[in-house]
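Student: This is the structure I want to talk about, given as structure tokens.
The values are calculated or read from the model by the stated rules, or taken from the named source; none is laboratory data. Predicted model, so just to flag it, every value in this text is computed and none were measured. So basically every Cβ, Gly included, is an ideal-geometry build from the backbone, and we count neighbours across all protein chains shown. Keep in mind that these areas ignore ligands, DNA and RNA; they rest on the heavy atoms of the full protein, side chains included. Shrake-Rupley method; radii C 1.70, N 1.55, O 1.52, S 1.80 Å.
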Amino acid sequence: MKNIAAVVLLAFTLSVQADITLNSVRVGNSGNPGDTRYPSGEVSSFGGVSYEYEFGVYEVTAKQYKVFLEAVAETDPYGLYNAEMNVNSNAFGCNIVRTGSSGSYQYSVSSAWENRPVNFVSWADAVRLANWMHNGQGSGDTETGSYDLTGTHPYYNPDGSVNDEPGLIAALQEIMRKPYATWVIPSEDEWYKAAYHANDGVTGNYYDYPTTTNGALRYVHDGAVQPPDIPFVEGGIDPGNSATYDGVFEPGYENDGIGSPYYRSIVGEWENSSSPYGTYDQGGNVWEWNEAVINGSKRGLRGGSLASQVLCLHAMYRNYSDPTYECELTGFRVAKVPDCNTNGISDSCDLDCGTNGGPCDVVGCGLSLDCNTNGIPDDCEIDTDSDGVIDDCDNCSADSNPDQADFDGDGAGDVCDDDIDEDGVLNELDVCDYTPLGTVNIIMDPTSCLYGTIRRDLDGDCDCDLADFAAFIEDGLTGPVG
């Protein structure tokens with residue numbers, strides 16, 4: 001059972017502000033069929049992925065999450081820290097400790113706990129870390145990037161507590177991965193493939209457990225690995241086909257995982273129990289969030305936890321919870337969509353990756369429109385109103401108007417222009433929105449329907465004719481403005 005503390009520590013680089021590097025493996029065999037053995041509801045298969053991607057070797061650790069908190073949560077307006085992480089509040093926490101007050105919060109985790117998976121994290125917390133990674137870490141934004149979380153802001157109080165749980169859950173359910181995303185929370189198919197696919201080419205072959213096996217797994221109970229009942233020592237030799245879960249179902253958590261005080265093993269502890277792609281602990285330790293939307297208001301969880309029976313680690317077992325749910329059994333890992341030239345734009349959305357004549361020539365790159373000539377295809381940029389025109393080029397970015405109609409040519413589309421015909425009269429007062437100043441019926445003198453510089457269309461027919469002239473005189477220069 002290799003102790004990888006030194007390996008994980010090397011994954012941290014020091015700069016002006018500490019950043020993290022998450023070890024990943026490439027999951028290849030693009031276009032593999034999904035596993036059809038265990039359909040669930042309307043989902044007939046899992047694990048089919050049409051592209052290569054990078055996948056976290058380990059679960060996100062307490063130390064890595066602590067670095068994230070230090071970078072973005074001095075005030076913590078989105079509740080990224082849960083007090084239950086501190087073992088003085090909850091014996092099953094990951095022992096991240098927060099001190100200080102809002103505006104100057106500080107975070108720490110001791111060396112005995114730092115390389116175990118973080119817990120008490122929600123789906124919302126996980127995608128915020130992915131955004132931070134997408135935006136370059138450090139002072140990078142947590143609210144936009146791979147996911148747009150700005151729609152959740154009304155549901156948080158300034159201290160990070162939630163003022164409307166159902167509203168926040170509904171807002172989180174609307175969030176989907178952006179086409180230009182790089183660092184992400186795995187989709188369910190990405191997670192499933194990394195865990196169970198046999199890695200034997202573009203095949204539909206899958207194992208039942210994420211330890212490259214179809215057989216029951218070893219576990220720790222009363223300080224010994226079972227079977228064959230050998231003492232468990234962190235950093236010892238893994239006999240293979242092992243995971244951190246509850247192999248002997250008993251009330252309470254006292255003997256779950258590796259037992260007190262840590263319960264969760266150091267990530268990668270079971271060095272001879274990897275998935276076919278080389279990931280560790282996709283079974284046990286903590287349930288891992290994925291992007292799946294299940295039952296309308298839930299997000300997906302896979303892999304089981306320290307308190308799970310072996311069935312929960314099986315490929316057939318699909319779990320889910322509210323995206324705000326946090327407990328001692330929830331954690332996550334991240335994935336990365338390919339970015340061949342490391343410019344922060346995923347290959348599927350990078351115009352440059354198909355034009356350099358080198359290894360970054362990716363099928364489909366460089367073939368999309370780019371209306372703002374920024375090197376990112378339009379179908380990979382933000383289109384707030386979903387009208388097919390990206391915000392940078394949309395004359396009404398908040399109101400759908402695919403035709404981009406602009407009657408008066410002032411740069412504001414008609415659907416959001418307060419004065420469509422630019423006659424000085426707001427639409428709400430204008431009888432004839434599309435009758436600009438100066439347009440008159442040819443049988444009348446151009447000045448006949450003017451009072452000063454304001455047009456008068458007194459009979460409401462959006463024209464200036466003899467009837468208007470008669471009403472104009474009779475009405476004593478009053479009437480509806482046109």
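Student: Below 14 angstrom from the Cβ of Pro158, what's the summed charge of the other residues (Lys, Arg +1; Asp, Glu -1)? Write down the numbers at each step before the final one.
Tutor: Details: positive: none; negative: Glu74, Asp76, Asp159.
So the environment of Pro158 carries a net charge of -3.
Student: For segment 146-225 and segment 283-342, what is the separation of their C-alpha centers, rounded to whole Å?
Tutor: Computed from Cα coordinates, the inter-centre distance equals 4 Å.
Student: Over segment 275-333, calculate the relative contact order: mean separation of alpha carbon pairs under 8 Å at least 6 apart, over the residue count, as a percent.
Tutor: Reported as a whole number, the value is 36 percent.
Student: Please work out how much accessible surface Ser44 shows to a 1.4 Å probe, ignoring ligands, DNA and RNA, in Å² rounded to 10.
Tutor: 80 Å²
Student: For segment 194-317, what is Rg from Cα atoms divided by 2.2 N^0.38 Å, rounded to two decimals? If you can, show how the numbers build up before the last one.
Tutor: Numbers: Rg = 14.5 Å, N = 124, 2.2 N^0.38 = 13.7 Å.
Here the answer is 1.05, to two decimals.
Student: What pairs in Lys178/Lys298; Lys63/Lys298; Lys63/Lys336; Lys66/Lys178; Lys66/Lys193; Lys63/Lys193 have C-alpha atoms more than 24 Å from each other?
Tutor: Lys63/Lys298; Lys66/Lys178; Lys66/Lys193; Lys63/Lys193
Student: Heavy atoms only, probe 1.4 Å: what % of the accessible area of segment 87-205 goes to carbon and sulfur, would you let me know?
Tutor: 47 percent
Student: Is segment 277-342 rounded, prolate or oblate when judged by the Cα gyration tensor, a ≥ b ≥ c being the square roots of its eigenvalues, rounded requiring a/c under 1.5 and prolate requiring a/b larger than b/c? Display every interim value, and only then the final one.
Tutor: Working: a/c = 1.91, a/b = 1.29, b/c = 1.47.
Oblate, since a/c reaches 1.5 and b/c is not below a/b.
Student: Accessible area per residue, 1.4 Å probe, Å², for segment 52-156: what's the number?
Tutor: Accessible area per residue, segment 52-156: 30 Å².
Student: With 18 Å as the cut-off, how large is the P(r) tail for segment 50-134, expressed as percent of Cα-Cα pairs?
Tutor: 41 percent
Student: Please work out whether segment 90-134 counts as rounded, prolate or oblate from its C-alpha gyration tensor, where a ≥ b ≥ c are the square roots of the eigenvalues and a/c under 1.5 means rounded, while otherwise a/b larger than b/c means prolate and anything else oblate?
Tutor: oblate
Student: Report the normalised scattering of segment 141-204 as log10 I(q)/I(0) at q = 0.12, 0.13, 0.14, 0.22 Å⁻¹, calculated by the Debye formula with identical scatterers on the alpha carbons.
Tutor: -0.47, -0.53, -0.58, -0.95
Student: When only C-alpha pairs under 8 Å and at least 6 residues apart count, what is the relative contact order of segment 25-120, in percent?
Tutor: Computed value for segment 25-120: 25 percent relative contact order.
Student: Which of the three applies to segment 57-209, rounded, prolate or oblate, going by the alpha-carbon gyration tensor with a ≥ b ≥ c and a/c under 1.5 meaning rounded?
Tutor: oblate
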